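K.L.:
Before I ask anything, here is the structure I am working with.
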Amino acid sequence: MSDAPKQPAKPSTPSLNPFPLRERIKMPRQHMPEQSAEERARNYGEVNLGYSAELARQEALRCLECAKKVCTTNCPVGVKVGEFVQLILAGDFAGAAAKIREDNVLPAITGRVCPQEDHCEGACLLHKKGESLGIGYLERFVADYEQRMGIHSFHKVPPTGKKVAIVGSGPSGLTAAGELVQQGHNVHVFEALHELGGVLVYGIPEFRLPKQIIREQLDYMRAMGVEFETDVVVGRTVTIDELMEEEGFDAVFVGTGAGLPVFMKIPGEHCNGVYSANEFLTRINLMHAYEFPKYDEPIVDCRSKDVAVIGAGNTALDAIRSALRLGARKAFVIYRRSEAEMPARAEEVKHAREEGIDFQMLTAPVEFLSDSKGWLTAARCVRMELGEPDASGRRRPVPIKGSEFDLPLSVAVMAIGTSANPIIQSTTPGLKTNQRGYIDADQTTQRTSRKGIFAGGDIVTGSATVILAMGAGRRAAKSIHEYLTTGVW
Amino acid sequence: MRVTAAMPRITENEFGSVCEVQVFNIVDAEFIAPGIKRFVIEAPRIARKQRPGQFVILRLCEHGERVPVTIERSDRQRGTINIVVQSIGKTTHVLNSLVTGDSILDVVGPLGKPSEIEKFGTVVVMGGGVGTAMAYPTAAALKRAGNRVISIVGARNKELVILEREMREASDTLMITTDDGSYADKGFVTDKLRELMESGTRIDLVLAVGPIPMMRAVADTTRKEGIRTLVSLNPIMIDGTGMCGGCRVLVDGKSQFACVDGPEFDAHLVNFDVLVQRNSMYREAEQKSMAEFRRDAESQVEACRAGMGKP
Ligand SMILES: Cc1cc2nc3c(=O)[nH]c(=O)nc-3n(C[C@H](O)[C@H](O)[C@H](O)COP(=O)(O)OP(=O)(O)OC[C@H]3O[C@@H](n4cnc5c(N)ncnc54)[C@H](O)[C@@H]3O)c2cc1C
Ligand SMILES: Cc1cc2nc3c(=O)[nH]c(=O)nc-3n(C[C@H](O)[C@H](O)[C@H](O)COP(=O)(O)OP(=O)(O)OC[C@H]3O[C@@H](n4cnc5c(N)ncnc54)[C@H](O)[C@@H]3O)c2cc1C
Ligand code: SF4
Ligand code: SF4
Ligand code: FES
């Protein structure tokens, strides 16, 4: 059954792997050590604990060293997976991290949050043979190693004297900043909130992506020379035109994300206890409401209460698993489609299930009910069935007549998507947007309709992923550098 | 020239690495009434852009919450903004304990839609309590735009009447009421408004800023006559940029985000019940914070100063 892959492995350098291919295929994927479900469901510590050097080596041994690097071509930033895995085998973890950094400036983050099953691991040849290589786990391992050792491996070139403004400090902005500063440009990042990191700090919770990791990445970028300024809402505090005309910025990258919450516009959405996922997660992550009263920002007390999230993406799962950690008694995911369509990362769904989240599939709320003081008491829901395929190619959920029921709830969190943050578009004359309000930018150069202004990440594509935003930041950096050195638009 | 937002200070973050923290210096602070303090804060970027009706969001220190406060005025030359703050709960009590030379960790703005300033004709500007400080910049701008401005300022008692001189300068006529009659006329601002309406004065626009019951009463007073009336709503906010949706208010049956669609809305379309209800959402937690503040105010203020990133 375990015939070697058709594709011959012809590494240019002799392999460090003593095992023949057919044996590698038989090796099981190394499990990621994690906190037990019972324990972690009540704390904010990271769920995944990380590979040891030994586990990393064991896992790395499974790589088939394919000649055709489908793992790399399916990574949005083209991380040279085969090469960094070889360096792990050689015991050169720092070298492996440096190898990843050639294409990805935030490996400690992507190793944790990339939907690997859609990218590198989904394409991995081993996947077809059973379980794909744990590329994300390995990426995380070497990045953490590098951080622990305090290795700063960047090269600096002489200053070019050009100034670039980066608007927004999410993954797209940080990636663009990191690349541009290494080319000698003066890079200044403006962030509207009081903390840097975008969704990485206000959205994704501590138990999935510890803030310390982001702070260390930011320190690293500061060491590279990136300047950061928080509390600046570009468009309001200062416009892009003012930045270019009065503050001498030669180019601007806009990476402001898809930060506006979408509501369902159903009755009762203004009840006390109904949150957008953005607000719920911002209170918890950015404002530390889970540490109230040490921190001043409160959140509705979830202890011994029933909480539901509407939606089944990463945001939804982060919200409901946070509610569990706030002490919720029952925690539901209400999703109008079926399991197969859930957009969340596979690992998050698995973790959520283990933690005891109750998945109510093919279900949608139609109204929120409240008591006389306006506090949520229940969600009136309707069951759905799958009908004909819709525009997205997925079968459209259709309500089943007469299937209404009331799900008693104290807190409901809406996580049904976000829309374009309009502040930049509405304060930058001549900046073209598409019908949905996202900024129009070229897919390869990230140029917008305005000379010197580039854009990328969720503000161009709509809500996507960290790695896609980083890919856009990287392409933008490349074409900003070109523009700054040639002056040609 | 580089416009700096705030003064950098070198500090250590919680992981022991050295970093620069920008803070916003308080260059002047004085009580203008019991529990109401005016601050002059260095915030050059904001001062340059502020327009009447806009606000800032403050975060006093690392463990502080984010609270919105209207910009009473700004001085572009000096690069400062003024705010007027009433002690309500913990955050405003801590803020009002800060003095000249202290600093605020985060000040972001100017946020919200500026007030619509054009020549309407006769405008009645109504300020209740600290709402007077929020209404003042708009009153002054309306006057400069050539409107006849009639201001009605209300307070609980004589001591709480604020910005009398400023409001007088910004108005053609200034009326003052106190609930207890300890100063000027006894009664409510709506009494004066009703008198004006009954006297046949033509009113083109009413702007009311103050406690929710006052704004609701104003809305009820002008509704029958169909006088265009604006109120400045004060829901609970976090980011102030439209990101969280926490500030949503029900206007004409639709959800609007007060931080980007407002804070001013058509008074006759606002659902005040929902506003009151949503503002009560964290009452328990607020009371807990306040009780802790009362137990040991001094150390709470010190903790805030220490958590500010001061060297
Ligand atoms: C809860 C949650 C969980 C997620 N989980 C995952 C996951 O597991 N894996 C994954 O790949 N993706 C995940 N995503 C999606 C991913 O986080 C986003 O696609 C990605 O962060 C987009 O990056 P960005 O740089 O475009 O914008 P953002 O990360 O949104 O950052 C934009 C930044 O710009 C700032 N900003 C906005 N307007 C202005 C302005 N006018 N001036 C100055 N600053 C401004 C914002 O405050 C923000 O800090 C998740 C998203 C959420 C909300
Ligand atoms: C646009 C706007 C402009 C404002 N301008 C001024 C001003 O110029 N001067 C002034 O003194 N006050 C102003 N306020 C009100 C001020 O924000 C609140 O008094 C302050 O947040 C109370 O915080 P606290 O911790 O002291 O009180 P808490 O004990 O936390 O709360 C007391 C009450 O204040 C309200 N509140 C609490 N937290 C918030 C929050 N994050 N955002 C908004 N409201 C909240 C709630 O109704 C609550 O019941 C404004 C509010 C808004 C929305
Ligand atoms: S960046 Fe993401 S997609 Fe690319 S190799 Fe790493 S984990 Fe895979
Ligand atoms: S990671 Fe997978 S696809 Fe890539 S070289 Fe190794 S086995 Fe092949
Ligand atoms: S305060 Fe968050 S959307 Fe208005």
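K.L.:
Would you mention how many residues in the range B:41-59 are more than 14 Å from chain A (Cβ to nearest Cβ) and in contact with a Gly (Cβ under 9 Å, 6 or more places away or on another chain)?
P.N.:
Restricting attention to the range B:41-59, the residues satisfying the condition of being more than 14 Å from chain A (Cβ to nearest Cβ) are B:52.
Those still in the list that are in contact with a Gly (Cβ under 9 Å, 6 or more places away or on another chain) too: none.
Counting residues in the range B:41-59 that are more than 14 Å from chain A (Cβ to nearest Cβ) and in contact with a Gly (Cβ under 9 Å, 6 or more places away or on another chain) gives 0.
K.L.:
Also: Between A:486, A:444, A:418, A:465, which is more than 16 Å from ligand 5 (Cβ to nearest atom), at pLDDT below 95 and more than 26 Å from residue A:250 (Cβ to Cβ)? Step through it out loud before you land on a result.
P.N.:
On the way: A:486 fails: more than 26 Å from residue A:250 (Cβ to Cβ); A:444 fails: more than 26 Å from residue A:250 (Cβ to Cβ); A:418 fails: more than 16 Å from ligand 5 (Cβ to nearest atom).
One residue alone meets the criteria, A:465.
K.L.:
Going by the structure shown, is residue A:131 acidic (Asp, Glu) and either within 11 Å of ligand 3 (Cβ to nearest atom) or over 19 Å from residue A:63 (Cα atoms) (or both)?
P.N.:
Details: acidic (Asp, Glu): yes; either within 11 Å of ligand 3 (Cβ to nearest atom) or over 19 Å from residue A:63 (Cα atoms) (or both): no.
So residue A:131 does not fit the description; no.
K.L.:
If you don't mind, there's one more thing I want to ask. Within the range A:104-128, can you find the residues that are within 10 Å of ligand 3 (Cβ to nearest atom) and more than 13 Å from residue A:74 (Cβ to Cβ)?
P.N.:
Within the range A:104-128, A:104, A:106, A:107, A:109, A:110, A:111, A:112, A:113 qualify.
K.L.:
Where residues in the range A:155-179 are at pLDDT 95 or above and hydrophobic (A, V, I, L, M, F, W, C), which of them is nearest to residue A:257 (Cα to Cα)?
P.N.:
A:167
K.L.:
So which residues in the range A:117-134 are within 14 Å of ligand 1 (Cβ to nearest atom) and surrounded by 18 or more Cβ atoms within 10 Å (Cβ to Cβ), if there are any at all?
P.N.:
Step one: list which residues in the range A:117-134 are within 14 Å of ligand 1 (Cβ to nearest atom), which gives A:117-122.
A:119, A:120, A:121 - these are the residues of the range A:117-134 that are within 14 Å of ligand 1 (Cβ to nearest atom) and surrounded by 18 or more Cβ atoms within 10 Å (Cβ to Cβ).
K.L.:
For the range A:283-296, does any single residue satisfy the condition of being surrounded by fewer than 24 Cβ atoms within 10 Å (Cβ to Cβ) and hydroxyl-bearing (Ser, Thr, Tyr)?
P.N.:
Yes, some residue in the range A:283-296 is surrounded by fewer than 24 Cβ atoms within 10 Å (Cβ to Cβ) and hydroxyl-bearing (Ser, Thr, Tyr).
K.L.:
Taking the residues in the range A:274-325 that are among the acidic types (Asp, Glu) and either under 20 Å from the mean Cα position of the chain (by Cα) or not in a loop (DSSP other than H, G, I, E, B) (or both) as candidates, determine which candidate is nearest to ligand 1 (Cβ to nearest atom). It would help to see each step written out before you state the result.
P.N.:
At the first step, the residues of the range A:274-325 found to be among the acidic types (Asp, Glu) are A:279, A:291, A:296-297, A:301, A:306, A:318.
Cutting the leftovers down to either under 20 Å from the mean Cα position of the chain (by Cα) or not in a loop (DSSP other than H, G, I, E, B) (or both) gives us A:279, A:291, A:306, A:318.
On the way: A:279: 12, A:291: 19, A:306: 21, A:318: 4 Å.
Checked the range A:274-325; the qualifying residue nearest to ligand 1 (Cβ to nearest atom) is A:318.
K.L.:
Tally up the residues in the range A:206-217 that are touching a residue at least 24 places away in the same chain (Cβ under 8 Å) and within 9 Å of another protein chain (Cβ to nearest Cβ), please.
P.N.:
Going through the range A:206-217 one residue at a time, the tally reaches 1.
K.L.:
A further question on this structure: Say whether the condition of being more than 10 Å from ligand 2 (Cβ to nearest atom), within 14 Å of chain A (Cβ to nearest Cβ) and either basic (Lys, Arg) or surrounded by fewer than 24 Cβ atoms within 10 Å (Cβ to Cβ) (or both) is met by at least one residue in the range B:228-240.
P.N.:
Within the range B:228-240, not a single residue is more than 10 Å from ligand 2 (Cβ to nearest atom), within 14 Å of chain A (Cβ to nearest Cβ) and either basic (Lys, Arg) or surrounded by fewer than 24 Cβ atoms within 10 Å (Cβ to Cβ) (or both).
K.L.:
Still on this structure, please answer the following. How many residues are buried (at least 24 other Cβ atoms within 10 Å of the Cβ), away from chain B (no Cβ under 14 Å) and under 22 Å from the mean Cα position of the chain (by Cα) when one looks only at the range A:179-199?
P.N.:
1
K.L.:
Oh, and also: Please verify whether residue B:218 is more than 30 Å from residue A:264 (Cβ to Cβ), at pLDDT 95 or above and part of a helix (DSSP H, G or I), treating the condition exactly as stated.
P.N.:
Working: more than 30 Å from residue A:264 (Cβ to Cβ): yes; at pLDDT 95 or above: yes; part of a helix (DSSP H, G or I): yes.
Considered against the rule, which asks whether it is more than 30 Å from residue A:264 (Cβ to Cβ), at pLDDT 95 or above and part of a helix (DSSP H, G or I), residue B:218 comes out as yes.
K.L.:
If you don't mind, another one. Out of the residues in the range A:78-103 that are in contact (Cβ under 8 Å) with a residue 12 or more places away in the chain and of a type in the set (D, E, K, R), state the one that is farthest from ligand 2 (Cβ to nearest atom).
P.N.:
Only one residue tops the list, namely A:83.
K.L.:
Determine which member of the set B:206, B:251, B:218, B:270 is touching a helix residue (DSSP H, G or I) at 6+ places or on another chain (Cβ under 8 Å), closer than 29 Å to residue B:121 by Cβ and free of Cβ contacts under 8 Å to residues at least 24 places away in the same chain. Write out each step before concluding.
P.N.:
On the way: B:206 fails: free of Cβ contacts under 8 Å to residues at least 24 places away in the same chain; B:218 fails: free of Cβ contacts under 8 Å to residues at least 24 places away in the same chain; B:270 fails: free of Cβ contacts under 8 Å to residues at least 24 places away in the same chain.
B:251 is the lone residue from the list that is touching a helix residue (DSSP H, G or I) at 6+ places or on another chain (Cβ under 8 Å), closer than 29 Å to residue B:121 by Cβ and free of Cβ contacts under 8 Å to residues at least 24 places away in the same chain.
Residues checked against (1) crowded, with 17+ Cβ neighbours inside 10 Å; (2) out of contact with any His (no Cβ under 7 Å at 6 or more places or on another chain); (3) free of Cβ contacts under 8 Å to residues at least 60 places away in the same chain; (4) more than 19 Å from residue A:141 (Cα to Cα):
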residue	(1), (2), (3), (4)
A:25	yes, yes, no, yes
A:30	yes, yes, no, no
A:41	yes, yes, no, yes
A:57	yes, yes, yes, no
A:63	yes, yes, no, no
A:69	yes, yes, yes, yes
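K.L.:
Note down all Cβ pairs under 9 Å where the first residue falls in the range A:114-133 and is farther than 23 Å from residue A:172 by Cβ and not assigned by TED's automatic domain parsing to the domain that holds residue A:62, the second is part of a helix (DSSP H, G or I) and charged (D, E, K, R), and they're at least six residues apart or on different chains.
P.N.:
Going by the 9 Å Cβ cut-off, there are no qualifying pairs.
K.L.:
Name the helices (runs of 4 or more DSSP H) wholly inside the range A:195-267 in which the number of residues that are closer than 20 Å to residue B:105 by Cα and out of contact with any Pro (no Cβ under 6 Å at 6 or more places or on another chain) is 1 or more. Explain how you work it out, then say what you get.
P.N.:
Working: elements: A:199-202, A:211-224, A:240-245.
Helices (runs of 4 or more DSSP H) meeting the threshold: A:199-202, A:211-224.
K.L.:
If you don't mind, there's one more thing I want to ask. Collect the residues in the range B:247-260 that are under 20 Å from the mean Cα position of the chain (by Cα), within 11 Å of chain A (Cβ to nearest Cβ) and not in a loop (DSSP other than H, G, I, E, B), keeping them in residue-number order.
P.N.:
Narrowing the range B:247-260 to residues under 20 Å from the mean Cα position of the chain (by Cα): B:247-249, B:256-260.
The next check asks that each one be within 11 Å of chain A (Cβ to nearest Cβ); those that pass are B:247-249, B:256-257, B:259-260.
Result: B:248, B:249, B:256, B:257, B:259, B:260.
K.L.:
For residue A:329, all conditions in the list (1) within 14 Å of chain B (Cβ to nearest Cβ); (2) under 12 Å from residue A:411 (Cα atoms); (3) in contact with an Asp or Glu (Cβ under 8 Å, 6 or more places away or on another chain) hold save one; what is the number of the exception?
P.N.:
(1)
K.L.:
Assess whether residue B:38 counts as being within 14 Å of chain A (Cβ to nearest Cβ) and among the charged types (D, E, K, R).
P.N.:
On the way: within 14 Å of chain A (Cβ to nearest Cβ): no; among the charged types (D, E, K, R): yes.
Spelling it out, it is not the case that residue B:38 is within 14 Å of chain A (Cβ to nearest Cβ) and among the charged types (D, E, K, R).
K.L.:
Tell me, which helices (runs of 4 or more DSSP H) lie completely within the range A:63-155 with 3 or more residues that are over 17 Å from the mean Cα position of the chain (by Cα)? Give the steps one after another, and end with the answer.
P.N.:
Working: elements: A:70-73, A:81-89, A:93-101, A:107-113, A:120-123, A:125-129, A:135-149.
Where helices (runs of 4 or more DSSP H) fall fully within the range A:63-155 and carry at least 3 residues being over 17 Å from the mean Cα position of the chain (by Cα), they are A:70-73, A:81-89, A:93-101, A:125-129, A:135-149.
K.L.:
Keeping to the range B:83-97, report how many residues are out of contact with any strand residue (DSSP E or B) (no Cβ under 6 Å at 6 or more places or on another chain) and more than 14 Å from chain A (Cβ to nearest Cβ). Step through it out loud before you land on a result.
P.N.:
Let us first name the residues in the range B:83-97 that are out of contact with any strand residue (DSSP E or B) (no Cβ under 6 Å at 6 or more places or on another chain), namely B:87-90, B:93-94, B:97.
Then keep just the ones that are more than 14 Å from chain A (Cβ to nearest Cβ); that gives B:87, B:97.
Of the residues in the range B:83-97, 2 are out of contact with any strand residue (DSSP E or B) (no Cβ under 6 Å at 6 or more places or on another chain) and more than 14 Å from chain A (Cβ to nearest Cβ).
K.L.:
On the given criteria, is residue A:106 of a type in the set (A, V, I, L, M, F, W, C), surrounded by fewer than 23 Cβ atoms within 10 Å (Cβ to Cβ) and more than 16 Å from ligand 2 (Cβ to nearest atom)?
P.N.:
Numbers: of a type in the set (A, V, I, L, M, F, W, C): yes; surrounded by fewer than 23 Cβ atoms within 10 Å (Cβ to Cβ): no; more than 16 Å from ligand 2 (Cβ to nearest atom): yes.
The answer is no for residue A:106.
K.L.:
Further, regarding this structure: Starting from the range A:341-355, keep only residues that are surrounded by fewer than 16 Cβ atoms within 10 Å (Cβ to Cβ), then list their pairs with residues that are charged (D, E, K, R) and part of a helix (DSSP H, G or I) whose Cβ atoms are within a distance under 7 Å, requiring at least 6 positions of separation or different chains.
P.N.:
A:346/A:117
K.L.:
From A:429, A:389, which residue is more than 16 Å from ligand 5 (Cβ to nearest atom), loosely packed, with under 13 Cβ neighbours inside 10 Å, farther than 30 Å from residue A:330 by Cβ and in contact (Cβ under 8 Å) with a residue 12 or more places away in the chain? Steps first, answer last, please.
P.N.:
On the way: A:389 fails: in contact (Cβ under 8 Å) with a residue 12 or more places away in the chain.
Just one listed residue meets the conditions, A:429.
K.L.:
Can you name every residue in the range B:69-79 that is surrounded by fewer than 22 Cβ atoms within 10 Å (Cβ to Cβ) and under 21 Å from residue B:31 (Cβ atoms)? Spell out how you get there, then give the answer.
P.N.:
In the first step, residues of the range B:69-79 are kept if they are surrounded by fewer than 22 Cβ atoms within 10 Å (Cβ to Cβ); the result is B:73, B:75-79.
Across the range B:69-79, the qualifying residues are B:73, B:75.
The values are calculated or read from the model by the stated rules, or taken from the named source; none is laboratory data. This is a predicted model, so every value here is computed, not measured. Reconstructed Cβ throughout: ideal geometry from the backbone, glycine too, with neighbour counts over all protein chains shown.
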